[in-house]
């Protein structure tokens, strides 16, 4: 209670430490929101670059496998594994060594086919695929050669806002839970001392 005749200072009503703490929290949340927004805007761009990389490798390996596939179509009813087995069983050392090369091409073609199919889904499914189950070789290659962009299309803005809100909420809820936990533990400790 303020006595008559005394002057009231701002620091008496609103302490500066509380002001700076409040200001720090507000700007920290804005900073986290901005970081989340910028990261979220990158998601569609990264997915697009990953998809382009998969498409390019798939076209290349399709060309590489086409000659072997046509031989398998004519002589082994389209079965590349039978062609590889034939090469491996050959007495000719050149054919035996080529079997391993053909196997590598077939395996790469199969890996890229799986990635190609996964990248035909909607944007959310593609994002989850790229984040959690993408082929590590192509993911790392895309990451190393990724060119950062700030696209201002609706998909990028939606991803940016969604990630920014998610990060901000996650941090706020984590801080809230930690504060509640500390208070609960402190209250529990005080009660245990009072009961003694």
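How high is the relative contact order of the chain, given as a whole-number percent (alpha carbon pairs under 8 Å, six or more residues apart)? Walk me through the intermediate numbers first.
Details: 133 pairs, mean separation 73.5, N = 196.
Rounded, it is 38 percent for the chain.
Can you give me the angle between helix 93-118 and the longest principal axis of the chain, using Cα atoms only, in degrees from 0 to 90, rounded to the nearest 10?
40 degrees
With everything on Cα atoms, drop me the angle between helix 16-75 and the longest principal axis of the chain, reported from 0 to 90° to the nearest 10.
10 degrees
For the Cα atoms of the chain, what angle does the longest principal axis make with the long axis of helix 80-89, in degrees from 0 to 90, nearest 10?
Orientation of helix 80-89: about 60 degrees from the principal axis.
Using a 10 Å cut-off around each Cβ, can you sort 97, 108 from fewest to most neighbouring Cβ atoms?
Fewest-to-most Cβ neighbours within 10 Å comes out as 97, 108.
Have a look at 91, 79, 55 and tell me which one the Gaussian network model of the chain (Cα, springs below 10 Å) gives the largest fluctuation.
Per the Cα network of the chain with a 10 Å cutoff, 91 tops the list.
Among 114, 167, 41, 63, what is the fewest-to-most ranking by other Cβ atoms within 10 Å?
If I rank by nearby Cβ atoms, fewest first, I get 63, 114, 167, 41.
Any chance you could check the Cα centroid distance between the range 37-55 and the range 95-133 for me, in angstrom?
Between the Cα centre of the range 37-55 and that of the range 95-133, the gap is 18 Å.
With N residues in the range 112-196, what two-decimal value do you get for its Cα radius of gyration over 2.2 N^0.38 Å?
After normalising by residue count via 2.2 N^0.38 Å, the value is 1.86.
Neighbour counts of other C-beta atoms within 10 Å: give me 53, 188 arranged from fewest to most.
Starting with the residue having the fewest Cβ neighbours, the order is 188, 53.
Choose one answer from 179, 105, 171: the residue with the largest mean-square fluctuation in a GNM of the chain with alpha-carbon springs under 10 Å.
Residue with maximal mean-square fluctuation among 179, 105, 171: 179.
Connecting C-alpha atoms closer than 10 Å in a GNM of the chain, tell me which of 177, 34, 99 has the biggest fluctuation.
Of 177, 34, 99, the Gaussian network model singles out 177 as fluctuating most.
Note the listed values (1) 17.0; (2) 18.7; (3) 22.8, then indicate which one is Kirkwood radius over Cα pairs in Å calculated from this particular structure.
After the calculation, the listed value that fits is (3).
With each run of n ≥ 4 DSSP H residues scored as -39500 (n - 2.57), what mean residue ellipticity at 222 nm is computed for the chain after dividing by its residue count and rounding to the nearest 500 deg cm²/dmol?
-28000 deg cm²/dmol
Values in this text are rule-based calculations from the coordinates and carry no lab data. Values in this document were obtained by computation on a predicted structure and should not be read as measured data. As a convention, Cβ positions derive from the backbone with ideal geometry for all residues, glycine included, and neighbour counts pool all protein chains shown.
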